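The values are calculated or read from the model by the stated rules, or taken from the named source; none is laboratory data. All values derive from a computational prediction rather than experimental measurement. All Cβ positions, glycine included, derive from the backbone under ideal geometry; neighbour counts span all protein chains shown. Note: accessible area is taken over every heavy atom of the protein model, side chains too, but ligands, DNA and RNA are not part of it. Shrake-Rupley method; radii C 1.70, N 1.55, O 1.52, S 1.80 Å.
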Amino acid sequence: MAPEPHAGRGRRTVTIHAEAGGHRAEDWLAEEAPVELRYNGRSFAVMMATPLDLEDFAWGFSLSEGRIGRAADIRAVDVQPRLEGFVVDIDAPSATVPEDGSDRLLPGRSGCGLCGSRQLEEVLQAPPMVPEGPVLDTAALQRASAELERFQPINATTGAMHAAAWASADGTILQVREDVGRHNALDKLLGALAREGADLRGGFVLVSSRASYEMVTKAARLGVGLLAAVSAPTALAVDLARGCGLTLVGFVRPGRQVVYSHPQRLGG
């Protein structure tokens, strides 16, 4: 089902001040809302997210956070709007959730990657080794980077959205998801790919943000071999990428990119 033409954004009256004076206008703003994730009827986390592609978000979050081992573990996802936000009920009998008696774990901001994690050992778990994949030409990164903006309709009108894209080996963008949170955008993308059974060894992920260690972990858990970002990675992200075999690329700009780990996946 195609999203509504203006889904994910809302109009508000603003006052614009410029050298010629001030005037009233209507402005498009990105939406964010509390999204409660429940596993088998039990609350797990509340994330602030753009209320689009929430079924993809449920699959991606569940896989990238290690709550389930494979997409087939989810039997159904039910998204229900509430006055305060949205409830996403995930029917996954084998889901790994805390059993400490608490009704809800940590709330999450738009950029939170730690929701549901209470211990340092859980937060800093080393991601699994990613499988070997084809050698990609650096021209593919350049092509995808040049095309990414065209696939960000909500950001084009609001200027407040992150994007995560899946590109083929030649740099053709095949899937994009947007969200106010960079982790959310990545989870939505990973969920969409998992639901369609995409082969994640044959392409790469490009994000319109910096690359944090959480994003490296999320990508590695789903077997992504190359994660590229238009901005910088963090030092911990580089360390984790080197340890799990993931190729991490930052500062993907016209005619240039910086490879921080496993450069053997890039040629040209």
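Data for the structure
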quantity	calculated
Full-extension gain in nm, ARG70 to HIS6, via 0.36 nm per residue minus C-alpha separation	19.8 nm
In order through segment 33-50: 3J(HN,Hα) via Karplus (6.51 cos²θ - 1.76 cosθ + 1.60), integer Hz, x for Gly, Pro	8, x, 10, 8, 9, 10, 10, 6, x, 10, 5, 10, 7, 10, 10, 8, 8, 6
Normalised per residue, the volume of the convex hull around the Cα set of segment 190-268 (Å³)	88 Å³
Of the DSSP H helices in the chain, those whose Cα atoms cover at least 18 Å axially and whose Kyte score averages -1.0 or more	182-196
Range in the chain, longest, excluding exposed GluC sites (Glu not before Pro) [loop by DSSP; at most 11 other beta-carbon atoms within 10 Å]	133-268
Extension gain, ALA139 back to ARG242 (0.36 nm per residue minus Cα-Cα distance, nm)	34.8 nm
Whole-percent carbon and sulfur share, accessible surface of segment 149-268, 1.4 Å	51 percent
Segment GLU19-ARG42, extension gain: residue separation times 0.36 nm, minus the distance between their alpha carbons	2.8 nm
Over the chain, relative contact order from alpha-carbon pairs under 8 Å, at least 6 apart, %	18 percent
Size of segment 158-201 as Cα extents on the principal axes (Å, biggest first)	31, 21, 12
Residue-normalised accessible area of the chain, given per residue in Å² at a 1.4 Å probe	47 Å²
Efficiency of FRET from Cβ geometry, ARG195 and ARG256, R₀ 41 Å, rounded to 0.05	0.75
The chain: calculated mean residue ellipticity at 222 nm from DSSP helix runs of at least 4, using -39500 (n - 2.57)	-7000 deg cm²/dmol
